[in-house]
Amino acid sequence: MAKVTDLVKRLLVGRALRSGQLHEQLLRKRIALPVFASDALSSVAYAPQEILVILSLAGVSFYSFSPWVAIAVVVVMLTVVASYRQNVHAYPSGGGDYEVATTNLGKNAGLTVASALMVDYVLTVAVSVANGVDYVGATIPFVGQHKPAVAIVIVVLLTVVNLRGIRESGAAFAIPTYAFMISVLGLIAWGGFRLLVLHEDIEAPSAHFTIEPEQHNLTAFAAAFLVLRAFSSGCAALTGVEAISNGVPAFRKPKSKNAATTLLMMGLVAITMFSGIIALGLASGVKVAEPSVVARDLLKPDGTPVGPGYYQQPIISQVADAVFGGGSVPFIVISAVTALILFLAANTAFNGFPVLGSILAQDRYLPRQLHTRGDRLAFSNGIIILALGACLLLWGFQADVSRLLNLYIVGVFVSFTLSQTGMVIHWTRHLKTETDPRIRHQMHRSRVINFFGGVMTGLVLIVVLLTKFLVGAWIVVIAMPVLFLMMKGIRRHYDKVAAELELTEDYEPAMLPARNHTIVLVSKLHKPTMRALAYARATRPSTLEAITVGVEGDEARKLQEEWERRGIPVPLKMLDSPYREITQPILDYVKTIRRRSPRDVVTVFIPEYVVGHWWEHLLHNQSALRLKARLLFKPGVMVTSVPWQLHSSDRLKGRPEPFAPGAVRRPWHHTAKEESQRLADKRP
């Protein structure tokens, strides 16, 4: 069975890598860009559309606010990118927002950031994959009918790719990400050329439609609230920016410089794509409505609803149709790479979450297993936990993008705000000791950037909470404190264990036990029992006896007769069990020995079979497992398993078994009295 599982693992994950090969897994900038930026870049597939969808609640007339909303989103994105470039240079260890907040604002602030980021990473995977499934499901009915199952399968595939290591996952995702970037930038360039140079009109498929507003005669406050809600939805374009600051250790040297350059490239490309899609969408007359009401509120030129049979194309598809024409090769390419990038956007979280989990585990806020690298030098446990969390969300929310988006971006703006606040304190602290005028000037500039970033992201966080709380963000608001308290509890546990195990200066080594009472458990007289007896005798204990529980009278009597007939030089004690229970009589007997001699130790030898097939484990050793589990909680009791390899597990067939009767010259031919005398002569 082990060979089969290992073969499957090697096929899926690849051959194991030595720890010394870690440097080979580090990323160049051209690979790091698609690895860490796919989330932020893919947001242009839905962030511009979300702005128009929210504004459409008040009718097409409110589309006039979309350029201003887009400008506000771009300003926030520029601010965040500039701010995080300061983070990358100041904290290159890969802790990102968590390290910045912990160092400058305290442990509780750091854990708040960590819990926010962990929730947001899981949501990134769920939203990106669900959105991609929606995109594909519009053209492939089977996918649309089985959205949760298809989404979970895609998450599993992404998990396998990432378990193969960041370098291989980066190479696998580089081509689709660059294809998406080139396609969308080409779309924007050609659309702009047609509009500005050729002065041609471009027309989206929905240009002649109108939208029946759900909100009529809005007050100034309601209108402002609607615009703010559109702004908060558009800020989904900022998700993924923090991933680079968390993943600095994955870059090649010079790490900080390469990470900062990659962050700048990502920001410029994302802003260009986001702005271009919004501009071309408005120029081509794109009309979009909420998916739940599109059949009713989207009206044809004659004023009738489009009806349930209408498929609302995503904004990129409509713009591509307007610029290149529906059914053209560029249109098909753009549609294909957009669907693909939405799936690959989840890869940003697959690179950020495991690194953050590793740092938290190193600080003892998460289980230590998350700090361990797998066979391919990736943080495999973190990758698997992220995948499980995303699959649960996809299953629980039925891969519904609209419902998942309401949970989105709350966590990331919590981390943005606390991180930038921490950076302001960081620069203020260093300015107190720095005397070089040139460096002080750079610090002042960085502090101003981070201060502006903190104010801006703090305002966005307030807007997001106000506009999204009742429609789903409350779930994240609850999940973050739960994670926070869980991590605090894990840290308390690790601290308590460390305090109990620590060697203090006044610690005196434990005194040697006065005597070692050894017990060999016997169920029947067979080869495993003989090996356990031989091994127990080899340890030369103070006292040695064999124990059996007399459940069936005839079997117990036969065992006693066979024991005496073979002349085994170890006394056999029979424990009575009127209720046919095996474990409790042994525990009671061990307690009796411990009570009689508290300074002594009791060693219990348990013979066990070693089987080679998984199903055989279900048929053997269950009593031994239960007994060991109970004995481990008894102070002063040592438990020793003595294995006997059955043929299904024996890979060295033909060799004599150690401690087996046939492997020694004088197995049990001498009497018990002779054996006792021999042991007495050897004992000092």
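No value in this document is a laboratory result; all are computed from the given coordinates. Predicted model, so just to flag it, every value in this text is computed and none were measured. As a convention, Cβ positions derive from the backbone with ideal geometry for all residues, glycine included, and neighbour counts pool all protein chains shown.
Modelled label positions at residue 268 and residue 647, each set 7 Å beyond Cα in the direction of Cβ, lie 7.3 nm from each other. Taking all C-alpha pairs of the range 286-436, those more than 22 Å from each other amount to 66 percent. The order of the peptides 301-314, 227-240 by mean Cβ neighbours within 10 Å, most packed first, is 227-240, 301-314. Remark: for residue pairs 524/558; 107/253; 524/573; 591/628; 527/591, the C-alpha separation exceeds 19 Å in 107/253; 527/591.
Site pair residue 433 and residue 466 shows an inter-label distance of 4.1 nm when each label is modelled 7 Å from Cα along Cα→Cβ. Legend: translational diffusion of the range 256-327 by Stokes-Einstein, Rh = Kirkwood radius over C-alpha pairs, 10 °C, 1.306 mPa s; D = 109 µm²/s. Grouping the Cα pair distances of the range 485-608 into 10 Å bins from zero gives a pair-distance distribution of 11, 31, 25, 16, 12, 4, 0 percent in increasing distance order.
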